[in-house]
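Quick notes on the structure that follows.
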Amino acid sequence: MKFLIDHDGQKIHKSVFVNDHCMTNSKPSDWESLVEETALQSFTQKNYSYCVHCFQAYAG
Ligand SMILES: [Zn+2]
């Protein structure tokens, strides 16, 4: 699983589920790519949130 970090919007996206709704405020080309899920912790501790469009829409 690869994750994308949107630093401007302080959002964490799942790369495979990124859709048009994710790109309302910024583009994936501006986002940082991460492969390690464990690396996400450092961002959630900085109040980054999981994007509802690509996390909750496909949960389960
Ligand atoms: Zn998203």
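Just so it is clear, none of the values below were taken in a lab; they were calculated from the coordinates. Because the structure is a prediction, the values reported are computed rather than measured. Note that we place each Cβ from the backbone using ideal geometry, even for glycine, and neighbour counts take in every protein chain shown.
Hey, can you tell me all the residues within the stretch 7-29 that are over 13 Å from Phe55 (Cβ atoms) and either exposed (fewer than 13 other Cβ atoms within 10 Å of the Cβ) or within 10 Å of the chain's Cα centre (by Cα) (or both)?
Result: His7, Asp8, Gly9, Gln10, Asp20, Thr24, Asn25, Lys27, Pro28, Ser29.
Considering the stretch 1-52 alone, what residues qualify as being assigned to a loop (DSSP other than H, G, I, E, B), more than 10 Å from the ligand (Cβ to nearest atom) and in contact (Cβ under 8 Å) with a residue 24 or more places away in the chain?
Of everything in the stretch 1-52, those that are assigned to a loop (DSSP other than H, G, I, E, B), more than 10 Å from the ligand (Cβ to nearest atom) and in contact (Cβ under 8 Å) with a residue 24 or more places away in the chain turn out to be Met1, Lys2, His7, Gln10, Val35, Lys46, Asn47, Tyr48.
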